[in-house]
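Below is one structure, written out as structure tokens; the observations come after it.
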Amino acid sequence: MNLPNRLTILRVIMIPFFVVFMLVPVTGAADKWIALALFIAASLTDLLDGHIARKYNLVTNFGKFMDPLADKLLVCSALVCLVDLARIPSWAVIVIIAREFIISGFRLVASDNGVVIAASYWGKFKTTFQMIMICLMIADLEPLRLLTKIVMWAALLLTVVSLADYIVKNKSVMKEG
């Protein structure tokens, strides 16, 4: 159990605490700020574990499996909480989650064929905008509402563009034989 894998496990452990502070009145006005701090900390563990794993050659099968799963659990948990709090429309969350399922399916088929599908720049931009969007929605500050909507639309556009990019670049993965 190396450091990157421990960081991934820490991220998974942080998710229920994040959800509680998002949805259950615990401390009153501080809840959203604690939830935001937990979300940012969990997101930073993702950056850190990947960097450490690559830099020190600590990539493991456990990490290859759990890291993307932990990321999806964190983002999906945040989005579902935000739907519950009426801060994001459910259709937008469906678009984001559908893209994740489709890409995961593509990666699974590719893996069965011995092909590794690397993350694209579009996917990285999408992730960055989604994380910023989630942070803005958790903070829920009146002066930033317009910016939050703009970032949400940018995240959704990048979600669709990155999906199209993956499909076009990797359509051969879906061909039989």
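Between the residues Leu79, Ile150, Tyr121, the greatest Cα displacement towards the positive end of the dipole of the chain, with unit charges on the Cβ of Lys, Arg, Asp and Glu, is found for Tyr121.
In the chain, helices alone account for a calculated mean residue ellipticity at 222 nm of -27000 deg cm²/dmol, with every DSSP H run of four or more residues adding -39,500 (n - 2.57). Taking 0.692 mPa s as the viscosity and 37 °C as the temperature, the Stokes-Einstein diffusion coefficient of the range 81-132 based on its alpha-carbon Kirkwood radius rounds to 259 µm²/s. Accessible surface computed residue by residue for the range 1-153, with neighbouring protein chains in place and a 1.4 Å probe, gives 57 Å² per residue. Counting Lys and Arg as +1 and Asp and Glu as -1 over every other residue whose Cβ lies under 13 Å from the Cβ of Trp122, the net charge comes to +3.
For the range 1-48, how big is Rg over Rh, using alpha carbon atoms and the Kirkwood form of Rh? Working shown, then result.
On the way: Rg = 11.8 Å, Rh = 11.1 Å.
Rounded to two decimals, Rg/Rh equals 1.06.
Pairs of Cα atoms under 8 Å, at least six residues apart: use those to get the relative contact order of the chain, whole percent. Don't jump to the answer; show the numbers that get you there.
Details: 155 pairs, mean separation 42.8, N = 177.
The normalised contact order for the chain reaches 24 percent.
Calculated on the alpha-carbon coordinates, the convex hull of the chain measures out at 116 cubic angstrom per residue.
Could you please state, rounded to a whole Å, how far the C-alpha centre of the range 153-177 is from the C-alpha centre of the range 70-94? Their Cα centres are 21 Å away from one another. Diagonalising the gyration tensor over the Cα atoms of the range 84-177 and scaling each eigenvalue by 5 before taking the square root yields semi-axes of 31, 12, 10 Å, largest first. Pairs over the 19 Å Cα-Cα cut-off, from the set Lys32/Lys126; Lys64/Lys171; Lys72/Lys126; Lys126/Lys149: Lys32/Lys126; Lys64/Lys171.
Taking label points 7 Å from Cα along the Cα-to-Cβ direction, Cys135 and Met1 give a separation of 3.0 nm. Spin-label model, Leu47/Ile150: points 7 Å from Cα along the beta carbon direction are separated by 2.2 nm. Between Leu108 and Ala29, full extension at 0.36 nm per residue minus the direct alpha carbon distance yields a gain of 24.2 nm. Hydrophobic, long helices, defined as DSSP H runs whose alpha-carbon span along the helix axis is 24 Å or greater and whose mean Kyte-Doolittle value is at least 1.0, occur in the chain at 3-23, 90-112, 145-169. Mean-square fluctuations from a GNM of the chain, with a 10 angstrom spring cutoff on Cα atoms, peak among Phe106, Phe17, Phe65 at Phe65.
The values are calculated or read from the model by the stated rules, or taken from the named source; none is laboratory data. Keep in mind that this is a model prediction, so the values were computed, not measured. Cβ coordinates were reconstructed from backbone atoms using ideal geometry, including for glycine residues, and neighbour counts include every protein chain displayed. SASA here: full protein model, heavy atoms, side chains in, ligands and nucleic acids out. Shrake-Rupley method; radii C 1.70, N 1.55, O 1.52, S 1.80 Å.
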